[in-house]
Amino acid sequence: MKNVESALKLFAISNQLVENELDRVEREFAIDLGRGHTATLEKDETYYPQIDRAIRQEAATMSQHYEVFYSLEKTIRSLVADTLQTADGDGWWAGTRVPAKIKQEADARLQREIDSGVTVRSSSPLDFTTFGELGEIIKTNWDLFGSVFSSPKAVERVMANLNTLRGPVAHCSPLAEDEVVRLRLSVRDWFRLME
């Protein structure tokens, strides 16, 4: 059953990567491949045009990297949640599977959102963990994840690479050409760990 679930998840993320590449081709060559993709959020036509054109072009280029990270991080969170829930049921977060420090940090982030008066991003405490904390949860529960991944050191290395690459994407800085290649390789490395 786990092999079927893993294969489906691999298929879904592979499809997303192909879609991202097709999006890039459409943007780069200013063509419509007839895939029916439309912008989901209209740009503010009063203010957006006032932003420097070079910055808008850079944002369009960086959006594809954000989409890859968003998809991958959601996939990793889903894998962690599904694996822990299968092992310990719905109360896995309250149990001993997640280190106390990670729980405290996630709870503090949730409370900051509540206190700020904004709409809370999620009801799942796992959504308040960092990328690095997700790696720690996987390593802490290697008894469960050892059947999914080939090596704990490899998971740690790939997660560290992804975490480093995530910084510029999350903080609105362009990725250098070499880092774009490194991102693609790191995503491939992640899925290779699950073969």
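Bear in mind these aren't lab numbers, they're just calculated from the coordinates by the rules spelled out. The shown structure was predicted, so the numbers you read here are calculated from the model rather than taken from an experiment.
Axis angle, to the nearest 10 degrees, between helix 100-116 and the longest C-alpha principal axis of the chain: 40 degrees.
Taking the centroid of alpha carbons for each part, segment 161-185 and segment 130-153 are 22 Å apart. Principal-axis analysis of the Cα atoms of the chain puts helix 2-29 at an angle of about 20° to the longest axis.
Ignoring everything except DSSP H segments at least 4 long, calculate the 222 nm mean residue ellipticity for the chain; use -39,500 (n - 2.57) per segment, divide by total residues, nearest 500. Can you show the working numbers first?
Details: 7 runs with 130 residues, N = 195.
The helix contribution divided over the chain gives -22500 deg cm²/dmol.
If the chain linking Ala60 and Ser173 were pulled fully straight, counting 0.36 nm for each residue of separation and taking away their Cα-Cα distance, it would gain 39.5 nm.
Below 27 Å Cα-Cα, how many Lys pairs turn up in the chain? Only count pairs eight or more apart in sequence, or on different chains, if you could. Qualifying lysine pairs in the chain: 18.
Mean sequence separation of contacting Cα pairs (under 8 Å, at least six apart), scaled by the length of the chain, corresponds to a relative contact order of 21 percent. Counted residue by residue at 0.36 nm each, then reduced by the alpha carbon distance between them, the extension gain from Ile51 to Thr140 reaches 27.5 nm. Tell me the angle of helix 177-192 to the major Cα principal axis of the chain, expressed in degrees between 0 and 90 and rounded to the nearest ten. Relative to the chain, helix 177-192 is tipped by roughly 40 degrees.
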